[in-house]
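The values are calculated or read from the model by the stated rules, or taken from the named source; none is laboratory data. Bear in mind the structure is a predicted one, so any value in this text is a computation, not a measurement. Because the Cβ atoms are built from the backbone with ideal geometry, glycine has one as well, and the counts that use them run over all protein chains shown. Surface areas here come from the heavy atoms of the whole protein model, side chains and all, with no ligands, DNA or RNA. Shrake-Rupley method; radii C 1.70, N 1.55, O 1.52, S 1.80 Å.
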Amino acid sequence: MLEIKDLSVNYAALCAVDSANLKIEKGKILALEGHHGAGKTSLLKAIIGAVGSVGEVSVHGLALKNRNAASMLALGVVFVPEGRHLFSSLTSRDNLKFGAAVCGSKVNFDRVLTLFPELIPMLDKPAFALSGGQAQMLAFARGLMASPQYLLLDEPLMGLAESSAKRICSVALKLREEGIGLLITGQHTISQKNIATEYIIIENGVIQ
């Protein structure tokens, strides 16, 4: 279990996240919903140590005080950020290779391409040539190359056509069946896709 206890994030005088508590269990999908600026991204970044915070984050009961993205990755916690952050000039294939290289895992194209067959004809094309839906699938697939136990997806459905959104949701359900725990953020859209096993609301940094 990935557990967050009393986690707070402050940017100078602004409280972005106020004493958040939540649990991400394997084989479950937790949807974190809220408007833009509600604190969703700050919370996910705090979980992996990408922004300063106070409070506790633990994986399988082990409290992680000096965590960072690399140490969380080693524990199987993978963050797929809003905006995709692909290497636009690299091919889709090389973007996937990067996802495996950062954690030292073997490149396993077969697994991700089974989940995202739409990427097969795009493997040798630069990432900037992909559509919005394809780019989101590539970002998702790159995260899977790190063999996560827990996957944090920030706004994966934002701006997507219905067909692409359905593909993202179907893959999330498949991962849940495989025992991966997922935390997915959105603006009151995730639960409507009927994929979440649990959903919570965050408003002005406070989980309701």
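To keep it simple, each residue is scored yes or no on (1) modelled with pLDDT of 90 or more; (2) among the acidic types (Asp, Glu); (3) touching a Gly at 6+ places or on another chain (Cβ under 9 Å); (4) under 26 Å from Leu32 (Cβ atoms).
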| residue | (1), (2), (3), (4) |
| --- | --- |
| Phe87 | yes, no, no, no |
| Leu90 | yes, no, no, no |
| Asn108 | no, no, no, no |
| Tyr150 | yes, no, yes, yes |
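Could you tell me whether any residue of the range 119-140 is modelled with pLDDT under 95, more than 19 Å from Ser164 (Cα to Cα) and not hydrophobic (A, V, I, L, M, F, W, C)?
The answer is no, given that none of the residues of the range 119-140 is modelled with pLDDT under 95, more than 19 Å from Ser164 (Cα to Cα) and not hydrophobic (A, V, I, L, M, F, W, C).
Looking at Ala50 and the list (1) surrounded by 14 or more Cβ atoms within 10 Å (Cβ to Cβ); (2) among the aliphatic types (A, V, I, L, M); (3) in contact (Cβ under 8 Å) with a residue 40 or more places away in the chain, which single condition is not satisfied?
With respect to (1) surrounded by 14 or more Cβ atoms within 10 Å (Cβ to Cβ); (2) among the aliphatic types (A, V, I, L, M); (3) in contact (Cβ under 8 Å) with a residue 40 or more places away in the chain, Ala50 is out only on (3).
Among strands (runs of 3 or more DSSP E) lying entirely in the range 110-207, which contain 3 or more residues that are open to solvent by 20 Å² or more (accessible area, probe 1.4 Å) and in contact (Cβ under 8 Å) with a residue 60 or more places away in the chain?
Fully inside the range 110-207 and qualifying: 198-203.
When you check Ile202 against the structure, is it over 11 Å from the mean Cα position of the chain (by Cα), at negative phi and modelled with pLDDT under 90, yes or no? Spell out the reasoning first.
Values: over 11 Å from the mean Cα position of the chain (by Cα): yes; at negative phi: yes; modelled with pLDDT under 90: no.
Against the criterion (over 11 Å from the mean Cα position of the chain (by Cα), at negative phi and modelled with pLDDT under 90), Ile202 does not qualify.
Would you tally the residues in the range 13-30 being surrounded by fewer than 15 Cβ atoms within 10 Å (Cβ to Cβ) and closer than 14 Å to Ala172 by Cα?
Number of matching residues: 1.
Taking the range 54-69 as the search range and keeping residues that are under 19 Å from the mean Cα position of the chain (by Cα) and among the polar types (S, T, N, Q), which one is most open to solvent (accessible area, probe 1.4 Å)?
Asn68
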